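Undergrad: Before anything else, here's the structure in question.
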Amino acid sequence: MPRPLRLALSLVLTVAFLLATSPAQAAALVQVLRYDAGRSAEFRAAVDQAAQIWNAGVGNVRLVAGTPAHFVVTADNGWPRTLPTSLGRGTIWMGRQATSQGYNAVRIAAHEIGHILGLPDRRTGLCSDLMSGSSAPVSCTNANPSAAERAEVDRNFAGAAPLVEFGQVHVDR
């Protein structure tokens with residue numbers, strides 16, 4: 001086989017190989033986090049919806065219901081709070097006190113998952129900022145993270161140092 005033909009064939013095979021393996025390599029970079037919402041009582045649907053909101057917004061992490069879990073979600077009568085123990089791990093309490101005051105359960109769940117994903121509270125008072133939490137009006141039902149919040153989560157799971165404090169309970173009150 002003539003040398004130019006061998007080079008062309010080699011190039012075609014290399015490109016075909018890269019095209020075939022690149023999606024698999026990209027998928028391997030996504031970190032899957034399992035959550036257990038089995039004890040979240042009436043908040044189960046809100047937690048599942050919040051996980052899907054995060055899945056639609058970020059590329060480096062995917063949240064799936066299952067065990068063994070990286071983080072657990074429990075319902076109680078207190079104020080919502082999160083104890084992130086490390087990036088992607090911890091405990092969320094979906095406190096009924098906030099929903100009894102009129103706060104939106106899906107927004108609460110998405111906000112608390114944000115702590116698990118490495119985001120701190122940022123009491124901006126803006127409904128457009130998910131991590132503004134209860135500083136936004138009770139009427140705020142926006143459960144979608146802002147572009148900046150989504151980008152920060154992707155950076156966290158790409159190796160950046162998360163700004164949230166691990167080992168500390170985050171109570172948004």
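FYI, it's all coordinate maths here, none of it is from the lab. Treat the numbers as computed from the prediction; the structure is a model and nothing was measured. Here the Cβ positions follow ideal geometry from the backbone for every residue, glycine too, while neighbour counts run over all protein chains shown.
Undergrad: How would region 50-135 be classified by its alpha-carbon gyration tensor: rounded, prolate or oblate, with rounded meaning a/c under 1.5 and the a/b versus b/c comparison settling the rest?
TA: Judged from the Cα gyration tensor, region 50-135 comes out oblate (a/c at least 1.5, b/c at or above a/b).
Undergrad: In what order do Ser132, Ser86, Ser139 fall by count of nearby beta-carbon atoms within 10 Å, going from fewest to most?
TA: Fewest-to-most Cβ neighbours within 10 Å comes out as Ser139, Ser86, Ser132.
Undergrad: Can you sort Ser146, Ser40, Ser100 from fewest to most other Cβ atoms within 10 Å of each residue's own Cβ?
TA: Fewest-to-most Cβ neighbours within 10 Å comes out as Ser100, Ser146, Ser40.
Undergrad: Using Cβ contacts closer than 10 Å as the measure, can you line up Ile92, Ile108 from fewest to most?
TA: Ile108, Ile92
Undergrad: Please list, ordered by chain and number, the residues whose modelled amide H lies under 5 Å from the amide H of Gly118; skip anything fewer than 5 residues away on the same chain.
TA: Those lying under 5 Å, H to H, from Gly118 are Gly88.
Undergrad: Which residues' amide hydrogens lie under 5 Å from the amide hydrogen of Ala65, considering only partners 5 or more residues apart or on another chain, with H built in the peptide plane?
TA: Distant-sequence amide H within range of Ala65: Tyr35.
Undergrad: From the backbone phi of region 39-47, what are the Karplus-calculated ³J(HN,Hα) couplings (6.51 cos²θ - 1.76 cosθ + 1.60, θ = phi - 60°) in whole Hz, Gly and Pro given as x?
TA: So the Karplus estimates, Gly and Pro as x, are 10, 8, 6, 5, 8, 3, 5, 5, 5 Hz.
Undergrad: Now for a different question. Taking K and R as +1 and D and E as -1, what net charge do the other residues with C-beta under 11 Å from the C-beta of Ala56 add up to?
TA: Its environment carries a net charge of +2.
Undergrad: Could you work out the pair-distance distribution P(r) of region 79-173 from its alpha-carbon pairs, with 10 angstrom bin width and percents rounded to whole numbers?
TA: 18, 53, 26, 2
Undergrad: Scan around Gly95 for amide H atoms under 5 Å from its own, H built in the peptide plane at 1.01 Å from N, and keep only partners 5 or more places away or cross-chain.
TA: The answer is Asp76, Arg81.
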